[in-house]
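Each remark here refers to the structure printed beneath this line.
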Amino acid sequence: MTRTEPSWTRAFPLSALPANSARLFRHGSSQIAVFHRAADPATGETGGLYAIDNRCPHEGYPLLQGSVQQESRGCILTCKWHNFKFRLEDGACVMGEEGVRSYPVRVAEEGGHVEIDLSAPPALLAGLWADLQAGLQKQETGRMARTAVRLLDLGVAPVEIIRAAAVYACDHGDWGISHAPAMASELATALAPGAPVELQLTQLLDLTARSTLGNPARVRPDPADPGADPVAAGARLQALVEAERAAEAEALLRGAVARGWRAAEIRPWLLRLCADHFLDFGHMLIYTSRIFALLEAPDHAPDQGAPEATPEVWDSVLGGLVYGIVCGTREDLLPLWSGWRSRIAAMESSASAGGAPQESSPEAQLTEAGLAEALLEADPPRAFALVAGALATGALAAGALNPALAALSITAAERLLRFDLALDASPDVEEGWLDLTHRLTFVHAIRTVAPWADPAILLRLCLQAAQFVAAARPADGPPPEIRPEPATLEQVTAAVRARQPEEALNRAAGWLSGMGASGGTGWVAAQAEPLTAALEAIALRDHATRAIFLVHHLKTLRAGHRESAATGDPRPLLAAIRYLAAPTRERQVERAVLNAIRLVREGKPPVSRTG
C-alpha cells in the first residue's frame, strides 16, 4: 500500500550542492537528482531546491546530465538523449510522454542538510492513473508499460489495472464492448503462470489502446430507474434492445447497477438477449460468458488484496456490453440464416402448442460420438435436426446437454483441425483463422453460461451453434493425420514457435497422451495444464504481430483447454495448438484492395466460403 505520512531522509549537506549545480542521491534502488537553482531577476527564476527521479521516464537516461533553462512554463530540464522536457517544480512533462516523479525537498533547520521526502503521497498514485489514461489515448505502448510497472511497485493489485483497461475500452470503444474486456476477463480469472505479470498487463493495455483508436469517451445516457422488479426490468430491457433503442437500454442498465443489482439480477437479462439473436458472429455471448469473472472478486490471488469491482466498473463494463449488444449485427436475420429462422419458428410454435417430444427420433438415439461424427458432415439444416433431436423437449433436464455440447465442441475443434490453410493465405477469400476460432469459443461460451441459463435459452444457443459450426464446413481441408510421437514439453513448444503445425500436433498429441512422461497411450489430463501454460507464454511473448491475433490465440487456447478437460478428448486443445502453430496472414491490405475493386468496379461482395 502507498504511504501518506512524510518520510524525510537526510541526503547531504547543502554546502555540497552549490547554486546552479546538481547532485545525485541514491537510496536503495532510487536515484534522485537534486538541483539547486539560484534566483535570477533577469529571467524571473525564483530559485530553490528541486528533487526528481534521475532516470528519464522515456528510456532511463540520467536527467542529472540534462540542461536547465527558465521559461514561461517554469524551470525546464531537458534530457540530452531524446529532448524530452520536464518542469522541475512538479516533474510534469512539457514535451514528450509521461512526467517524472518529483520529491518534496527541504533544508533541515539544524545542520543545514538537504532532506528528501521519500513517501508516496496519494497524488503520486493519481498521477500514475492519469499517465495510464494518457498512454491509452495516445497508444504509447512504452508509456503504458512503464506506468503499469510503477503502479505494481506501489502495491496496486494487477486486477485493478486489468479492470481499468476494461473500463477504458468500454467507455471509448466505437461499439462499447470489444475484445479488450474479454481479454481482461481472462486475465482477471487467471494470470498466465508462464509469463511476467507486467507483460500480460501491457499486452492488454496495448490491445485496449489499439481497439479504441484514440477515441474520446463515449457520451452515455443518464441512469434510468428500473423499478423494483428485476424480472419486469429485464423484459423492458429486452423490448428496448429489440427496438434498437440503445440509449434507453443502456440507461436502464445503468439504473440497475445504481440500484445495487449485480450478476444474480442482470446476467439472466444478458443471456436472454444473446439467445434472441445470433449476435455479431457469436461475440456477444462470448463476452457475456466471461465478463462477470472480471467484475466479481478474483479468487486466484487473495494475497494481492484484490478488491471487489467498484460500482463505477460495473456501470462502465455492463453498460458497454449492453450498448454492444444493441449495435451488434443480428446474424440470424441475414439471408444465410433464413432456413434457421424458419426451423426455429416451427419448433417453438409446435412446443407452445403442446407438440409431442421428439425423443423417439433417430437423432435422439445417437451416442455422443455418433452425434459428433454426424455433425462433421452435416449441412446447416441437418445440423439443426441433429442437435434439436438430441435436445428434444424435456431432454435437457435428463442430462442431454453435456453430450450435445461435447459433440458440438468436437465438431468445432475438427473445423479448426481441418481448416484449409490455403484459404487463410489467399488474399481473395474473406475467411481466415479468426473466423474459424469463434466456433470453438462460442460453444465453450454456452458451456460456461449453462449453470445460469434456463432450458429454453440453452436450446436456442445450442441451435445457433449448430448453424454456426455447420456453416464453416466448406472451409474444411482434408482431415489431419495426427501421429502421436514421444515429446518433451520443450519439443512441443519449439514446433509451435517455429510455426510448424503438423509437427506441433504430433508432438502435442504425444505429450497429451503421456508418451513424453511415462510412455502411456491414453489421454492424460494432467499433461494439459503445463502445456497450456507454456503455450500461453508463447502467445504473450509477441508470437503474433497484431494485438487482435494475440487475444484470439489466448482465448482459443483457454477454450480448447477447458473443452478438452470437459470432454476428455484432446481435439479441442489440439485445434487451438494448430491455430497457434500455423503460419498466419495477419496483414490484410491486399485482401482489402481486392475487395474494394470487387465492390467499386464489379458491384460484388467479398468471396466467402462460410456463413
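Tabulated results
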quantity	calculated
Label-point gap, in nm, between residue 174 and residue 346 - each point 7 angstrom along Cα→Cβ	3.9 nm
Residue-averaged 222 nm ellipticity for the chain, from DSSP H runs of 4+ at -39500 (n - 2.57), nearest 500	-16500 deg cm²/dmol
Estimated inter-spin distance, residue 420 and residue 483, nm [label 7 Å along Cα→Cβ]	2.6 nm
Solvent-accessible ranking of 348, 529, 563, largest area first, probe 1.4 Å	529, 348, 563
Label point 7 Å beyond Cα of residue 123 along Cβ direction - residues of segment 88-105 with amide nitrogen under 17 Å	88-94, 99-105
Accessible surface of residue 538 - all protein chains present, 1.4 Å probe, nearest 10 Å²	20 Å²
Segment 214-346, relative contact order [Cα under 8 Å, separation at least 6], %	29 percent
Shape category assigned to the chain from the gyration tensor of Cα positions, a/c cut at 1.5	prolate
Relative contact order (%) - the chain, alpha-carbon pairs under 8 angstrom, separation at least six	11 percent
Two-site label geometry, residue 130 and residue 329: point separation in nm, points 7 Å out along Cα→Cβ	4.2 nm
Heavy-atom surface of segment 412-528, accessible at 1.4 Å and reported per residue (Å²)	35 Å²
Segment residue 545-residue 599, extension gain: residue separation times 0.36 nm, minus the distance between their alpha carbons	16.6 nm
Accessible-area value, residue 347, 1.4 Å probe, nucleic acids and ligands omitted, Å²	50 Å²
Global geometry of segment 121-193, whether rounded, prolate or oblate, following the gyration tensor of its Cα atoms and the 1.5 cut on a/c	oblate
Sulfur and carbon atoms: percent of accessible area, the chain [1.4 Å]	54 percent
Counted charge near residue 341, where neighbours are those whose Cβ lies closer than 13 Å (Asp, Glu -1; Lys, Arg +1)	-1
Area of residue 316 that stays accessible when all protein chains are in place (1.4 Å probe, Å², to 10)	10 Å²
Distance from segment 1-80 to segment 464-495 (C-alpha centre basis), Å	59 Å
Tensor-based shape of segment 70-179 (alpha-carbon gyration tensor, a/c under 1.5 rounded, otherwise prolate or oblate)	oblate
Under 22 Å from the Cα of residue 85 - lysines, other chains or at least 8 residues apart	138
Percentage relative contact order, segment 1-62, counting C-alpha pairs under 8 Å, at least six apart	22 percent
Accessible-area order (highest first, 1.4 angstrom probe) of the listed residues 428, 131	428, 131
Surface accessible to a 1.4 Å probe, per residue, for the residues of segment 45-176, Å²	41 Å²
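The values are calculated or read from the model by the stated rules, or taken from the named source; none is laboratory data. The shown structure was predicted, so the numbers you read here are calculated from the model rather than taken from an experiment. Every residue, glycine as well, gets a Cβ built from its backbone with ideal geometry; the counts of neighbours run over all protein chains shown. To get the accessible areas, we keep the full protein, side chains included, count just its heavy atoms, and leave off ligands, DNA and RNA. Shrake-Rupley method; radii C 1.70, N 1.55, O 1.52, S 1.80 Å.
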